[in-house]
Structure formats: C-alpha cells, structure tokens
Amino acid sequence: MSLPILRRRKTLVVNSGLVVVLAVAVGIAYTSVGTSSSSAASKVRTGTVAKGTVVATVSASGALISPSDLGLGFVTGGTLRYVYVKVGDTVKTGQVLAKVDDTSQQESLTTAKNSLASAKASLAVLLQGQTPQQKAAAQVQLQQSAAQITQAQDNVAFTQKSNANDAANATAAVSSAQAAVTAAKATLATDTATLATDKVSNTKNVTADQTKVDQDNQTLTQTSSALTQAQQQQASTALKDEQALAQAEQQVSSAQLSYKSQVAQQAVTSAPPTAAQLASANSQVASAQVQVDSAQRTLDGTTLKAPANGTVMSISTLVGGTVSSGSSSSSSSSSGAATGSTGSTGSTGATGSTGSTGSTGSTGATGSAGSTGATTTGSTSSSTSSSTSTTGSAGVVPAADIAGHTATVTSGDTGFLVLTNITGLQ
C-alpha cells in the first residue's frame with residue numbers, strides 16, 4: 001500500500017477519534033445540566049470522566065491504485081543480458097536500466113545500411129551521368145568496333161581473292177584432265193585402227209598392236225578417273241570457298257551491328273536521366289531508408305531507459321532469462337485487488353451506573369484485524385497496519401540475485417521493471 005493512502009487513512013482515523021471523544025464529552029455535559037435543571041430538588045450527581053481508547057477502522061474493497069507507479073517493458077524482446085540497477089535505486093530520466101541481446105538486431109541494421117548505401121550510390125551515378133573517363137572509354141570502344149568492321153571487310157576481300165584463285169586452279173586442273181582424256185581416246189582410236197589393218201595385211205604385228213590397244217585402254221581409264229577427281233575437287237573447293245566468303249561477310253555484319261549498338265548505348269548513357277529513372281532510384285533509396293529506420297528502432301528497443309525520474313520498485317526477470325516485447329504502462333490499471341476485509345469496529349464500552357462517582361464503563365474491545373486489513377487504534381491517533389498482499393498482473397518473483405543485486409516483485413507490478421514515485425515523465 002502506498003504512503004499517500006496510509007496518510008489519508010491515518011487522518012481519517014484521527015478525525016473520527018476526535019469526533020467520538022467530543023460526542024462523549026457533550027453527552028456527559030448535557031446529562032448533568034439537563035438533570036439539574038429538571039429537578040432542583042434532585043441531588044446533583046457527578047461522575048469521573050476517564051480517558052480510554054477509542055477504536056475506529058475503515059473498511060474498503062477494490063483495486064489498489066498508485067498514480068506514481070510506472071511499469072516498463074522492452075520494445076524488442078529477447079534474452080536479458082544486463083541489468084544496471086537494483087531494487088531501491090533512484091534513477092533519472094534517460095538512464096539505461098537494462099539491455100537484451102542485440103546481436104541479430106545489429107546484423108539487421110548493418111545489412112539495411114549496406115542496402116541504403118548501394119541505393120544512394122546508384123542514385124548518385126544516375127544524377128552525375130558519365131564522367132570524362134567513362135566518355136573516353138566509350139570512345140575507345142567505338143574506335144575498336146570500327147576497326148573490327150574494317151578488319152572484317154578486309155577479310156571478305158581476302159576471301160574473295162582466295163576463292164578466285166581456287167576457282168582458277170580447279171578449272172585448270174579439270175581442263176588438264178579433260179585434255180589427257182581426249183589424248184588417250186585419240187591414241188586408243190589410232191592403235192585400234194592399226195590393229196584392225198594388221199590383222200588383215202600384216203598379221204605378224206597383231207600381237208604388238210593388241211598390246212598397244214590394251215595400254216591405251218588402261219591410260220584412258222586412268223585419265224578419265226583423274227578427270228572425275230579434278231571435277232569433284234573443283235566442286236568441293238567452290239563450296240568451301242563459298243562458305244568461307246559467307247562467314248567473312250557475317251563477321252562484317254556482326255561488327256557493324258556491334259558498332260551501332262555501342263553508338264546507341266553511348267547515346268543512352270550520355271543522356272540525362274529520365275523522370276521514370278529518377279523516380280525508381282529515389283524510391284529505392286526511400287525504401288532502403290525505411291528499412292534502416294526500422295532496424296534502428298528495433299536495435300534501440302533492446303535497451304530499456306528510464307522515461308522519468310523515480311525509484312526502482314521491482315525487477316521481474318533474471319539475467320539470462322527471456323523478456324517479451326511490450327510498451328510501458330501505468331501500474332494503476334492493473335493493480336491487484338486487496339484481499340481480506342478490514343477488522344470490525346470494537347464495541348463501545350457500557351456506560352457505568354450513575355452514582356456519586358459513577359465508574360466509567362470499560363473500554364470496548366478492539367476489533368479483530370482482518371487477514372489483511374489495516375487497523376488504526378488509540379486516542380493518540382497512533383496507527384498500526386498489517387501487511388497488505390495483492391496479486392498484480394506480473395508473476396511474483398522471489399528474492400533472487402539479478403546482476404549482483406537482490407530483486408523482488410511486489411503488488412501492482414506490470415512489465416519487466418516498475419518505477420515508483422515517478423516525476424518528470426516524458
């Protein structure tokens with residue numbers, strides 16, 4: 001129970017006691033005066049006023065509310081690594097209270113910053129355009145492409161010349177072979193005619209003539225074969241030369257296409273960025289910045305700082321334990337309800353019988369205290385109270401060593417750490 005509540009109860013009890021004392025005194029005075037005035041003949045009766053103990057109790061039920069308490073929680077949950085305060089410590093606004101493991105959050109922030117740097121670099125390149133060095137390099141590439149065109153064209157010319165030589169040589173070979181066949185045929189015809197004549201008029205030469213005819217036939221066969229080979233070689237050479245020329249011409253076309261492509265690319269690169277390009281690049285930078293900001297907030301959330309001046313009332317988790325994420329909140333909204341009724345008011349002592357010195361009635365017995373009720377007794381307004389036990393939303397943690405300090409959780413706790421007597425809340 002907080003001190004403001006105890007002070008209010010104490011004041012109420014004291015005031016109640018004073019009222020009772022005053023009422024008793026007035027009653028006695030009224031009785032004495034009334035009796036003497038009603039009957040003059042009556043004997044005046046007096047009594048001794050004794051000082052006794054007046055007992056009053058206040059009974060109430062409901063939630064214990066402490067507007068000066070504040071429950072704190074981590075924005076980013078995780079494994080608790082450090083606790084820098086202990087229960088009872090006085091802290092100031094902005095003071096670091098505890099930290100959870102931030103390894104993964106640090107890595108996420110580094111990755112996000114790298115992505116942001118890359119996006120900014122791309123935007124800078126887009127805005128800057130080509131540098132003098134890049135323009136010079138592009139010009140060199142164009143010159144190289146033009147040289148490749150010239151080289152390909154020269155290769156076409158060389159191939160055409162080579163093909164012409166190959167065609168001439170093949171034609172000459174075929175002509176030579178054809179002439180050999182023609183000569184072989186003429187010789188065969190002559191020797192065949194001689195053989196026929198000698199068979200009629202000079203039979204002794206028939207054998208020699210037949211030998212010549214046989215040789216002539218063999219020569220004709222050989223020259224005819226040579227002609228066929230020469231003709232086949234001519235066709236093969238023509239096909240090969242045709243393919244070589246086509247390949248050389250294709251190289252010219254490729255070189256020309258490459259040159260045109262580089263010219264177009266150079267025109268695009270040297271041109272100022274379009275609105276769409278700028279919008280895309282800026283969007284990437286903005287998106288990367290959002291990721292950095294989010295990662296930074298998550299990292300900052302691993303550190304718990306005091307939002308106000310106050311006193312540490314409880315710490316609910318040990319170092320090495322796991323804390324969940326959650327925002328800070330006032331403990332008044334989740335304070336535990338008080339248990340047990342307060343002690344009943346003691347009965348008033350019976351009034352002593354009237355006599356010359358009527359004795360004062362005995363003081364009423366003090367009401368028995370409820371299991372957790374607060375009791376205030378005594379005419380001198382002294383007060384005593386039994387301990388109050390409530391059940392808060394946070395689990396009660398027995399006294400335990402947290403970062404070298406003893407910590408307990410008391411009634412009304414919400415969150416990982418609770419501050420009381422807060423001032424200067426931001």
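The values are calculated or read from the model by the stated rules, or taken from the named source; none is laboratory data. Model, not experiment: these values are computed from the prediction. Side chains are part of the model used for accessible areas, which takes the heavy atoms of the whole protein and leaves out ligands, DNA and RNA. Shrake-Rupley method; radii C 1.70, N 1.55, O 1.52, S 1.80 Å.
In segment 88-230, the alpha-carbon atoms span a convex hull of 221 Å³ per residue.
With bins 10 Å wide beginning at 0, the percent of Cα pairs of segment 149-224 falling in each bin runs 19, 25, 18, 13, 11, 8, 5, 1. Within straight-line reach of LYS113, meaning a Cα separation under 19 Å, sit the following aspartates and glutamates at least 8 residues removed in sequence or on another chain: ASP102, ASP293, ASP300.
On a full-extension model of 0.36 nm per residue, what is the gain between LYS305 and TYR82, subtracting their alpha-carbon distance, rounded to one decimal in nm? Write out the running numbers ahead of the final one.
Values: separation 223, 0.36 × 223 = 80.28 nm, distance 1.25 nm.
The LYS305-TYR82 span can extend by a further 79.0 nm.
Report Rg(Cα)/(2.2 N^0.38 Å) for segment 92-132, keeping two decimals.
Working: Rg = 18.3 Å, N = 41, 2.2 N^0.38 = 9.0 Å.
Normalised by 2.2 N^0.38 Å, the Cα Rg of segment 92-132 equals 2.02.
Only protein atoms count toward the accessible area here, which uses a 1.4 Å probe; on segment 86-128, the carbon and sulfur part of that area reaches 53 percent.
The equivalent ellipsoid that matches the C-alpha gyration tensor of segment 59-168 spans semi-axes of 80, 17, 13 angstrom, in descending order.
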